[in-house]
1. Helix 419-428: angle to the longest alpha-carbon principal axis of the chain, degrees 0 to 90, nearest 10?
2. Report, by chain and number, residues whose modeled amide H sits under 5 Å from the one on residue 287, excluding near sequence neighbours (fewer than 5 apart, same chain).
3. Which one of 184, 50, 379 has its Cα pushed farthest toward the positive end of the charge dipole of the chain, where Lys and Arg give +1 and Asp and Glu give -1 at the Cβ?
4. Given a cut-off of under 8 Å on Cα pairs at least six residues apart, what relative contact order in percent is computed for the range 21-219?
5. What is the ratio of the Cα radius of gyration of the range 1-122 to 2.2 N^0.38 Å, with N the residue count, to two decimals?
6. Name the residue farthest towards the positive end of the dipole of the chain from the options 157, 110, 271, assuming +1 on Cβ of Lys and Arg, -1 on Cβ of Asp and Glu, about the Cα centre.
7. About the Cα centre of the range 97-142, what is the dipole size in debye to 20, counting +1 per Lys and Arg Cβ and -1 per Asp and Glu Cβ, all else neutral?
8. Normalised by the residues of the range 255-364, what does the relative contact order come to in percent, with Cα pairs under 8 Å and at least six apart?
Amino acid sequence: MELRVKRAPHIDTEITVPGDKSISHRAAIIAALSNGVCRLDGFLIGDDCMRTVNALRALGIRIDEAEPNAIIVHGKKRVLNPPAAEINCGNSATTMRLMAGLLAGQTFESRLVGDASLSKRPMDRVIAPLQRMGANITAEGPEETPPLRIHGGSLRGIRYQMPVPSAQVKSAILLAGLFAKGKTAIVEETQTRDHTERMLRYFFVRTTRDENGTIAIFGDQVPESRDFRIPGDLSSATYWLTAAAAQPGGHLLVRELGLNTTRTPVLGVLVRMGAQVREAIEDVDQLEPRGIVEITGAMLKGTVIQGKEVAQLIDELPVLAVAGALANGTTIIRQAQELRVKETDRIAAIAHNLRVMGAQVLELSDGLEIHGPAPLRGGRVASFGDHRIAMAFAVAGLFADGETIVEDAECVEISYPGFKDALEQFMTTKRGPGSTPVIGSRSLAPVDQ
Ligand code: S3P
């Protein structure tokens, strides 16, 4: 599938986005361990999260699909069955790493495989802590890449200092910790998304976090079954927020959005670049804040993205790089070497596509230096099989002369089913329902660099 993109007319609209990918994975797993039936509304029916659903089904958990975008998980009180075959995690590193943590504490053997992209991604980061907990887990690929073979067994709690900030690794250890003897503690120097901790707490599993950022979980707890409504995915919304931000006078409202503060630093960057952003949290009942974001666009200015904020907006960097190409001045992204081990080498992919579209960009070992504003021109850009690259360059196409064709774009289904229809809305909207500002509450202050 190709995405054919033309320049956006004036943006003045409102939108909702599919459910949060990270939260969907966690909700399915923790519901499966619970002591009863849980309905998960707003579940992301995308390829990645369905890999987790199918992995849980392979372990004997009944999961029904319900309309619209809901799943019903029949928790079996931490009882999982040995899988009849290897478990295919597709493109989803979240599935593979979280399942590795879960399977480490089971008494049977399992094997996790992935597609060509996942088969190149580093697994040493989960293998090392799980082995320290007593798990028998090995990578069959070169340099500790998938497939993973796990012969689970009895685990003991450890104290683990995270060498790389990674919510997937933290979550794998927490899930293993649920099946370990005693206390498992994780020391996170840079806080990463805390959806697993929140989801565990929502299901009445006790976790703690001290003032130094040490997270702890105690083994032997059974999650209490509950229903949950998954908020919209801020990472998906960021494609449209960036499009509106980069169009002077553009205006966009996104409703029903997850606004967890470990995910919102991207809004601070858009403010720094000159957009006007307001957020209003409407509901915190389920421990995951949800609300509205309203954005008004401007001629953006370049910014520097580095340090601790990188881990909290790692998935938004491809589209922020596109914003950088449209902004006045230089945008520098540093200390983002993790981008090289995502679904593709995102630093190389961004640099390649930005150059195809006429932008001036320097590839750094750990990031990018982008000189804007570029008069972007349409052309053929590659997705590199990476959903976030495909979507970021569809947004670039909204600002380019002529037609932009994003090749091999079926990968958008991984995190954003319906992306193509939403893109259509941005190519045709003249005036939408959200044309008057609605949020009067909290305006984000510019963040110091
Ligand atoms: C995710 C964590 C991040 C992120 C990924 C989803 C998660 O990966 O890039 O898209 O759901 O925990 P890392 O843990 O590798 O940083």
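1. 20
2. Counting only residues 5 or more places away or on other chains, the set is empty.
3. Highest projection toward the positive end goes to 184.
4. Dividing the mean separation by the residue count of the range 21-219 yields 17 percent.
5. On the way: Rg = 16.8 Å, N = 122, 2.2 N^0.38 = 13.7 Å.
Ratio of Rg to 2.2 N^0.38 Å for the range 1-122: 1.23.
6. Towards the positive end, the residue furthest out is 157.
7. Working: 6 positive and 4 negative charges, 35 e Å.
The calculation lands at about 160 debye.
8. Taking the mean separation of contacting Cα pairs over the length of the range 255-364, I get 22 percent.
A short reminder: the numbers here are calculations on the coordinates, not readings from a lab. Fair warning: this is a prediction, and the values are worked out from it, not measured in the lab. All Cβ positions, even for glycine, are placed from backbone atoms using ideal geometry, and neighbour counts span all protein chains on display.
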